[in-house]
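Presented below is the structure to which this report refers.
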Amino acid sequence: MGSDFKFVHCADLHLGSRFKGVSERDAEAGRRMRESAFESFGRIVDLVISEDADALVISGDVYDDGNALPSTRSRLCSELARAGVPVFISRGNHDSSTSWDESIPYPENVHEFGKDPESIIVHSRGGDFEVVGVSFGTSHEERDLASMLAGRPGMFTVACVHCDVDSSSEGLRYAPCRLQDLQGRNVDYWALGHIHKRQILSERPYVVYPGNIQGRSFRETGPKGAYLVTVSSGVVSGLRFVPTQSMMWHDISVDISGKTLESMASDISGRIRKGDLVRITFTGSGPLDGMLRTDVDDAVSVLEERTGCRIASWEVDTSPDFDIWSMGGGDDLASKVSSAGRRLSGDRQGILERVMSNPVLSRHRSFFESLSDEELSKMAEDAARMVIAEMGVSR
């Protein structure tokens, strides 16, 4: 088992997938988001070529359910052919059945594993190695697919399978198995897919989830890409993660204290790359509070222009640079709003009574009653701040 070779391991391409939790405010942004998964996979093929890898292993969910359009399949086939090395694919829960399999067949260098276990010997320049694999038979695969796979004694073996090890997923379990059951099967590297979070579950043998190749929501922040695996004298001697994503998702908090709109843009620019997707929680106290409460859409547009990022959503949790509760006692409107807000803050029953007095809001009684005391108080305080901000009060 003295082979020397390299291979690239990726999974969960979800080509053609739409992004989640993003309000696409213009058509170009939506197109750019959908294109990003293709761009990421193109960089993975570039990695195969630049590193002179001997194989590419893709562990399921190449497509995303019904999004496997003819153009999606055709583009993928072109990239797989461009790789120019043996490519191994196992199907997962999102691509257990796909369209265009016969109309747009994979190129000759691609082997897609079937519903029953298969073994393929790869004759690389540095020696032979084995790739075993099996695919989902249905979108809700209940078989323990990993237990069906075993390597050939005396030969380095890569196992390609889409599965859920020890309930790693946050939703329904598919092709469940246990980490301890992956031991002693003559497999040197378990190339897994399904979990979108990058994880190395074991190094003896290697059991690896590379994560997906492009984050699709704010639950999938951070770098996304593939692993370059180097094998020397029949053992894994290098495991390097290579980011390939076009867009990275960020969930950040921005303190407005002491900042202008321009300096806030500089703060954001120093923390993200151009083209990334951002969810921002604005915090702190300062003059920007009024702007963010009354003209937040326009302010966000300026921040996008200055930073080059896409602000997908935001939350304003700021306050003015003065105590609005200290304004009570006068006869002017701002004072009356301040007094009412201060009186209601912390009064759960009083807030609910006033909300229920509105015939439209009263239809959602169960929702408001489900809110905590803290959430209700914040709602009342935010309402007072919004009204005062609308009046342009700065002191």
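Nothing in this text is a laboratory measurement; each read-out follows from the coordinates by a stated rule. Bear in mind the structure is a predicted one, so any value in this text is a computation, not a measurement. No Cβ is skipped: glycine too gets one built from the backbone with ideal geometry, and neighbour counts run over all protein chains shown.
Counting other C-beta atoms within 10 Å, which of W314, W249 has the fewest, and how do the rest follow?
Starting with the residue having the fewest Cβ neighbours, the order is W314, W249.
Along the principal axes of its C-alpha atoms, what lengths does the chain span, in descending order and rounded to whole Å?
Computed over the chain, the largest-to-smallest principal extents equal 88, 41, 41 Å.
Within a 10 angstrom radius of the beta carbon, how do H140, H196, H111, H250 rank from fewest other beta carbons to most?
So the ranking, lowest neighbour count to highest, is H140, H111, H250, H196.
Please find, in a Gaussian network model of the chain (springs between Cα atoms separated by less than 10 Å), the residue of F282, F113, F367 whose mean-square fluctuation is greatest.
Result: F367 has the largest fluctuation of those listed.
Highest mean first, what order results for 130-139, 218-227, 44-53 on Cβ atoms within 10 Å?
Averaged packing, sorted descending, gives the order 130-139, 218-227, 44-53.
Report the full-extension gain for the segment Y106 to S257: residue separation times 0.36 nm, less the Cα-Cα distance, to one decimal in nm.
48.7 nm is the gain from fully extending Y106 to S257.
Quote to one decimal, in nm, the extra length available between D128 and Q183 on full extension: 0.36 nm per residue of separation minus the C-alpha distance between them.
17.6 nm
For the chain, return all DSSP H helices satisfying: extent of Cα atoms along own axis at least 15 Å; mean Kyte-Doolittle hydropathy at least -1.0.
Details: long enough: 27-50 (34 Å, -0.05); 70-83 (20 Å, -0.57); 296-307 (16 Å, -0.15); 333-344 (17 Å, -0.03); 373-390 (26 Å, -0.37).
Once both thresholds are applied, what remains is 27-50, 70-83, 296-307, 333-344, 373-390.
Grab the Cα-Cα distance for D297 and S232, subtract it from 0.36 nm times how many residues apart they are, and report the gain in nm with one decimal.
17.9 nm
Would you order D116, D188 from fewest to most other beta-carbon atoms within 10 Å of each residue's own beta-carbon?
Lowest count first: D116, D188.
How far apart, in nanometres, would the label points at A150 and L201 be if each is projected 7 angstrom from Cα along the Cα-to-Cβ direction?
2.0 nm
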